[in-house]
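Okay, so here's the structure we're looking at.
The values are calculated or read from the model by the stated rules, or taken from the named source; none is laboratory data. Keep in mind it's a predicted model, so treat the numbers as computed, not measured. We place every Cβ from the backbone using ideal geometry, glycine too, and count neighbours over all the protein chains shown. Accessible surface areas use protein heavy atoms only, side chains included; no ligands, DNA or RNA. Shrake-Rupley method; radii C 1.70, N 1.55, O 1.52, S 1.80 Å.
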Amino acid sequence: MFSLLKSKLASFISGLAGRQEKKAQESQELKTPPPSPQPIPAPVKEQKQEAAQPATAPQASAQPAEAQVSRKPESPQPSSAKPSPQKTEEQKKQISLSPKQQPEEHVDVSSLGKKASSEKRELAPKIGLGAAIRSFFTNEITIGESDISDLLENLELSLLEADVAYDVSLEVASRLRSCLVGMRVPKSQLASRTKEQIQQVLESVMQSERRFDLVSKVKSLPKPVKILFVGPNGAGKTTTMAKVAKLLSDAGLSVMFSASDTFRAAAIEQAEEHAKRLGIGIVKGKYGADPASVAFDAIAYARSRSIDVVLIDSAGRQDTNANLLAELKKISRVAKPDLKIYVGESIGGNAVIEQIKAFNQAIGMDGAILTKLDCDAKGGTAISIVHSTGIPLLYLGVGQGYSDLIPFEPRKIAQEIMT
Ligand code: GDP
């Protein structure tokens, strides 16, 4: 579960930590005092020549300063270029300054960063030198916009790869930018604090004000409570309905099925099989019968037997076509469900988001359940549904057994992703 998402977010953290590490190293190099004052260092090229031809250039070797001046008459005069003993003392003094005494001036050496990037990788750091020098002494890092802007762009793409919806990846990156830029953190805590921030951002995009606890909600509604399940074929709708039946039965409620997926004979048999295994009642019609009338009969049956909950199956198509939506509208009109729940596959990505939106527009959805998360290495759909559709995600299907249904709790999911 979530393995791709986990690895993408871990790369973001290690990218940021690696960058800060490099920044600290560079600030250390910049802090290192120059070697003891030389009169005027001869260019390396010349030194090499001298080493190679000591016999033919004895003069240049003996008097390097003069040799340089004679070759480059426009160079500064030796006397002004020579560091005075006083200036060297000044440099030493600066190097041993305490953090508070460090100059606050921010020196822009972004060109250094660009040079490094062309030599190494495209993600090489842009150096905020003032902050870097301060952080060297204080052991703290202040994350700047330039430290993370390209990492966040990469993260957006990574999230898309992990099936996170486009608007959600933008939102995650934008919220992360707000949390991270300006964050001052001890170097040793950079990774853990970044992790915490990502966790909070993920949790916040998964939160919904419309979220509710299904069992408590069902208990609070007048009986019989009618719940309509919609979603594409093969997504696990009937299995999920059976899992919900088990959940509600375990909570002390009496439950029955309405086998209203009359579009496929196999679906009726499947619902019957689950009803038998769970020991609950079922009302079914013939193959091809009007699904709304089957639901109507099931509700009447529940009323007559004081059954608390009727779970209404419905036909699915691979796509949300006009006929299906018309059929669902009719069931909705006749059965007047208290709750309408979408069931879709976690691996469905954007298609799931679009289906929920279409169903929501047609009949209004109250919640969603995502199945087969146990088979989904990406996990981005689960992160995206709430923010992209405004519909609360209630449960996640994590296997084929009746108990393989876990509540969708944003905090736990965010923790799971970030561990
Ligand atoms: P329906 O056509 O939408 O009613 O789908 P079914 O309920 O018949 O499920 C299709 C297949 O998906 C079945 O083999 C189920 O056992 C399987 N399935 C349903 N939910 C899950 C789940 O959460 N995890 C896994 N691994 N399989 C599931």
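How compact is segment 153-272 by the rule of thumb for globular proteins, expressed as Cα Rg over 2.2 N^0.38 Å?
1.59
Please arrange ARG175, ARG184 by accessible surface area, largest first, computed with a 1.4 Å probe and ligands excluded.
Details: ARG175 70, ARG184 135 Å².
From most exposed to least exposed: ARG184, ARG175.
Using modelled amide H (1.01 Å from N, peptide plane; none on Pro or chain starts), what sits under 5 Å from the amide H of ILE282, excluding residues fewer than 5 places away?
Long-range HN contacts for ILE282: PHE257.
Using only the heavy atoms of the protein chains and a 1.4 Å probe, how would THR142, THR389 rank by accessible area, largest first? Walk me through the numbers on the way to the answer.
Details: THR142 60, THR389 25 Å².
Solvent-accessible surface, decreasing: THR142, THR389.
Give a residue-ordered list of calculated ³J(HN,Hα) values for segment 292-305 (Karplus: 6.51 cos²θ - 1.76 cosθ + 1.60, θ = phi - 60°; whole Hz; x for Gly, Pro).
Per-residue couplings from phi come out as 5, 6, 4, 5, 4, 4, 5, 5, 4, 4, 4, 5, 5, 9 Hz.
For the ranges 292-301, 405-414, what's the packing order if you count other beta-carbon atoms within 10 Å of each residue, average per peptide, and put the highest first?
Details: 292-301: 20.6, 405-414: 17.6.
Descending packing order for the listed peptides: 292-301, 405-414.
Beyond 15 Å, what share of the Cα-Cα pairs of segment 297-362 is found? Please give it as a whole percent.
Value for segment 297-362: 58 percent of Cα pairs lie more than 15 Å apart.
Considering amide H positions built from the backbone, and no H for Pro or chain starts, which residues 5 or more places from GLU345, or on another chain, come under 5 Å of its amide H?
Close amide H contacts, sequence-distant or interchain: THR371.
Calculate one ³J(HN,Hα) per residue across segment 378-391 by plugging θ = phi - 60° into the Karplus curve 6.51 cos²θ - 1.76 cosθ + 1.60, and present them in order as whole Hz with x for glycine and proline.
In residue order, the calculated couplings are 8, x, x, 4, 4, 6, 8, 3, 4, 5, 6, 10, x, 9 Hz.
Go through segment 410-417 residue by residue and turn each phi into a ³J(HN,Hα) via Karplus (6.51, -1.76, 1.60, θ = phi - 60°); whole Hz please, and just put x for glycine and proline.
Values per residue, Gly and Pro as x: x, 5, 5, 5, 4, 5, 4, 5 Hz.
List the residues whose amide H sits under 5 Å from the amide H of LEU405, counting only those 5 or more places along or on another chain, with H placed 1.01 Å from N in the peptide plane.
The list, which skips near neighbours in sequence, is VAL398.
For segment 260-419, what proportion of DSSP beta bridges, expressed in % and rounded to the nearest 5, is antiparallel?
Values: 3 of 11 bridges.
Taking every DSSP beta bridge with both residues in segment 260-419, the antiparallel ones total about 25 percent.
Please go through segment 167-247 and write out the GluC sites (Glu not before Pro) that DSSP classes as loop and that have at most 13 other C-beta atoms within 10 Å. It would help to have the intermediate numbers written out before the result.
On the way: sites: GLU171, GLU196, GLU203, GLU209; in loops: GLU209.
Filter output for segment 167-247: GLU209.
For segment 296-413, what does the relative contact order come out to in percent, with C-alpha contacts under 8 Å and a separation of six or more?
On the way: 144 pairs, mean separation 22.7, N = 118.
It rounds to 19 percent for segment 296-413.
Mind grabbing the accessible area of ARG305 for me, 1.4 Å probe, Å², rounded to tens?
140
Once the convex hull of the C-alpha atoms of segment 340-413 is built, how many Å³ does it hold per residue, rounded to a whole number?
Details: hull volume 5.9 nm³, N = 74.
Cα convex hull per residue, to the nearest whole number: 80 Å³.
Set Lys and Arg Cβ to +1 and Asp and Glu Cβ to -1, take the dipole of segment 130-288 about its Cα centre, and tell me which of ILE268, SER188, SER254 lies farthest positive.
Going by the Cα projections, it comes out as SER254.
If you find the alpha carbon centre of segment 269-347 and of segment 156-222, how far apart are they in angstrom?
Comparing the Cα centres of segment 269-347 and segment 156-222, I get a distance of 35 Å.
Once you have the alpha carbon radius of gyration of segment 241-292, what is it after dividing by 2.2 N^0.38 Å, with N set to its residue count? Could you put the intermediate results ahead of the total?
Numbers: Rg = 11.2 Å, N = 52, 2.2 N^0.38 = 9.9 Å.
Rg over 2.2 N^0.38 Å, computed on Cα atoms: 1.14.
Going highest first, how would you order 391-397, 232-238 by mean Cβ packing within 10 Å?
Values: 391-397: 23.1, 232-238: 21.3.
Output ranking for 391-397, 232-238: 391-397, 232-238.
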